[in-house]
1. Go through segment 1-24 and report how many residues are under 19 Å from residue 85 (Cα atoms), of a type outside the set (A, V, I, L, M) and touching a helix residue (DSSP H, G or I) at 6+ places or on another chain (Cβ under 8 Å).
2. Go through segment 30-65 and count every residue that is part of a strand (DSSP E or B) and either at positive phi or open to solvent by less than 10 Å² (accessible area, probe 1.4 Å) (or both).
3. Give the residue, chosen from 226, 183, that is outside any loop (DSSP other than H, G, I, E, B) and modelled with pLDDT under 95.
4. Which members of segment 218-273 meet the condition of being of a type in the set (Phe, Trp, Tyr), within 21 Å of the chain's Cα centre (by Cα) and surrounded by fewer than 19 Cβ atoms within 10 Å (Cβ to Cβ)?
5. Specify the residue that is farthest from residue 60 (Cα to Cα); the eligible residues are those in segment 82-99 that are surrounded by 14 or more Cβ atoms within 10 Å (Cβ to Cβ) and not charged (D, E, K, R).
6. Does residue 142 meet the test of being open to solvent by less than 30 Å² (accessible area, probe 1.4 Å), among the small types (Gly, Ala, Ser), in a strand (DSSP E or B) and in contact (Cβ under 8 Å) with a residue 60 or more places away in the chain?
7. Pairs only if they're at least six apart or on different chains, beta carbon under 7 angstrom, first in segment 93-109 and free of Cβ contacts under 8 Å to residues at least 40 places away in the same chain, second assigned to a loop (DSSP other than H, G, I, E, B) and open to solvent by less than 20 Å² (accessible area, probe 1.4 Å); list them, first residue then second.
8. Of the conditions (1) modelled with pLDDT of 95 or more; (2) crowded, with 20+ Cβ neighbours inside 10 Å, residue 129 clears all except one; give me its number.
Amino acid sequence: MVATTYDPERAHADLDREVARLEAQVELTWDKEVALLERLGVTDGQRVLDAGCGPGHLTERLLERFPTTHVTGVDVHRSLLEHAQRRLTAQGLTRCELLTGSLTDPALPSRAFDVVIVRHVLQHVPDPAAAVQALRRLLVPGGLLVVFDVDDALEPVVLPPLPALARLAQRLAEQRDQQGTHRHLGRWLPRLLTQAGLSDVGVEAIVAHSDEVGLAAFRHQLDPDRFAPLIETGMATDFALAEAREAAAAFLADPGALMMTVSLAAWGRRVRR
């Protein structure tokens, strides 16, 4: 199975808090993302693949939004899939199947899905181009591939500034560089889809602004404890983390503070042949 630069067991202070962060990440922009999906023609009753489904938060929202759609989720991390299974079972959402597998070599039949969604995953795959090619194979002719991901050049806007968190974020970026994470993948998404042979390729920005969703919606993104693993590698200190905790708490309590993030969505269709 192909490696990934993402390790949910070491991405936060503990796995439960990482799962909570991932849920907040989906919630932050879900309304805009599902509006885009529907504008691109995603409708109820289709066969959908959530590629890199993690703990199942996107899978859950897709099942709720489209009440007769069947969703398949695939991920390399068994711990996240186990969480997804528990969550979906508790919600009584049975129109889904969760599988362990790699995006670059998914053990799934060709031409099996009307829609494939890859959300904030390709940046962690060693060969994103190979993953796009593999996922294209899974689409029916005319099927839709949609990728949501980030580009670190589109840094969050935080006012007033939070230098204590910014320093930790920079060290985390350096660590991800060393691990091989594709931190500037967003700018290449349309080209990756075109080179994979997809047609009708498009791209647009997905903006989350605190004046729209509320500052509290960013609390998990501003949680300094997501940088706690840096202490183990000597890239941060307990003092730096404590300083960041104090700054984040003051920021979230400031009625005049604002935050804005920008991610990217790109899409394309398998040629009808």
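The values are calculated or read from the model by the stated rules, or taken from the named source; none is laboratory data. Given the structure is predicted, the values throughout are model-derived calculations rather than measurements. Backbone-built Cβ (ideal geometry, glycine too); neighbour counts: all protein chains shown. For the accessible areas, the whole protein counts, side chains as well, though only heavy atoms, and no ligand, DNA or RNA atoms are used. Shrake-Rupley method; radii C 1.70, N 1.55, O 1.52, S 1.80 Å.
1. 6
2. The total comes to 4.
3. Values: 183 fails: outside any loop (DSSP other than H, G, I, E, B).
Just one listed residue meets the conditions, 226.
4. Just the residues of segment 218-273 that are of a type in the set (Phe, Trp, Tyr), to begin with: 218, 227, 239, 251, 267.
This time we only want the ones that are within 21 Å of the chain's Cα centre (by Cα), so: 218, 227, 267.
Of everything in segment 218-273, nothing turns out to be of a type in the set (Phe, Trp, Tyr), within 21 Å of the chain's Cα centre (by Cα) and surrounded by fewer than 19 Cβ atoms within 10 Å (Cβ to Cβ).
5. By that ranking, first place goes to 99.
6. Against the criterion (open to solvent by less than 30 Å² (accessible area, probe 1.4 Å), among the small types (Gly, Ala, Ser), in a strand (DSSP E or B) and in contact (Cβ under 8 Å) with a residue 60 or more places away in the chain), residue 142 qualifies.
7. Cβ pairs passing all conditions: 95/69; 107/101.
8. (2)
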